[in-house]
Amino acid sequence: MKEILTSYAVYNNWANAQLLNAVLKLNEEQQLSAIESSFKSIYKTFLHMLDAESIWWQRMKLQEQINVPSSSGIVNMNEVANQLLQQDKLWAEWISHASENQLQHVFAYYSSKKEYFKQPLWQAIQHIFNHATYHRGQIVTMLRQLGIEKIPSTDFAHWIRQHR
């Protein structure tokens with residue numbers, strides 16, 4: 001389990017960096033442009049990804065008071081990119097040092113709807129990386145709608161081939 005999650009953590013960081021590097025080359029108007037998707041812009045989609053990773057991190061650390069990054073006044077794409085990549089690194093480092101027992105540990109938390117859940121930590125971590133993949137796919141579609149043609153591949157298979 002640890003080997004798989006370690007690979008996904010490193011991949012997640014790489015894939016987010018690939019897309020963020022492409023998005024940071026866009027002008028602010030393109031980053032904030034209203035595009036129909038789950039979130040109204042590329043910026044808001046990445047901000048949601050940061051919120052999700054941060055919230056799960058705080059849950060895992062058993063913080064009673066959850067701080068949502070988007071509530072802290074993040075004002076531009078550079079800030080979102082820096083914080084998301086930093087959060088990705090925290091996950092990768094924690095997983096690389098975690099024991100199998102820590103990954104199997106069942107923890108309890110409340111969802112954003114105040115529902116109570118318990119689950120093994122490895123399942124939450126797997127969800128985090130799957131969630132990011134889902135939204136990266138949306139961002140690729142949003143970039144295409146903006147007419148961007150040079151979009152980096154963020155497929156897991158592409159990452160594996162590059163990092164053997």
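The values are calculated or read from the model by the stated rules, or taken from the named source; none is laboratory data. This structure is a prediction, so every number in the text was calculated from the model and none was measured. Please note: Cβ atoms are built from the backbone with ideal geometry, for glycine as well, and neighbour counts cover all protein chains shown. Quick note on the areas: whole protein, heavy atoms, side chains included, nothing else; ligands and nucleic acids left out. Shrake-Rupley method; radii C 1.70, N 1.55, O 1.52, S 1.80 Å.
General observations
- Under the criterion of Cα pairs below 8 Å and six or more residues apart, the relative contact order for the chain equals 34 percent.
- Residue 78-residue 124 FRET efficiency (beta carbon distance; Förster radius 25 Å; 0.05 resolution): 0.30
- Shape class for the chain, computed from the alpha carbon gyration tensor (a ≥ b ≥ c): oblate, with a/c not under 1.5 and a/b at or below b/c.
- Kyte-Doolittle mean at least -0.5 and Cα axial length at least 15 Å: DSSP H helices in the chain: 2-24, 42-60, 121-145
- Ranking of 127, 48 by solvent-accessible surface, largest first: 127, 48 (1.4 Å probe, protein heavy atoms only, all chains present).
- Accessible surface computed residue by residue for region 32-76, with neighbouring protein chains in place and a 1.4 Å probe, gives 53 Å² per residue.
- In this entry, region 1-59 is assigned a mean projected area of 4.9 nm², taken as a quarter of its C-alpha convex hull surface.
- Spherically averaged projected area of region 74-164 from its Cα convex hull (nm²): 8.5
- Out-of-range pairs (alpha-carbon distance over 21 Å; input 89/150; 2/89; 2/113; 61/113; 2/114): 89/150; 2/113; 2/114
- Neighbours of residue 109, meaning other residues whose beta-carbon lies under 14 angstrom from its beta-carbon, give a summed charge of +3 when Lys and Arg score +1 and Asp and Glu score -1.
- Here the accessible area is traced with a 1.4 Å probe on the protein chains. For region 92-164, carbon and sulfur cover 50 percent of it.
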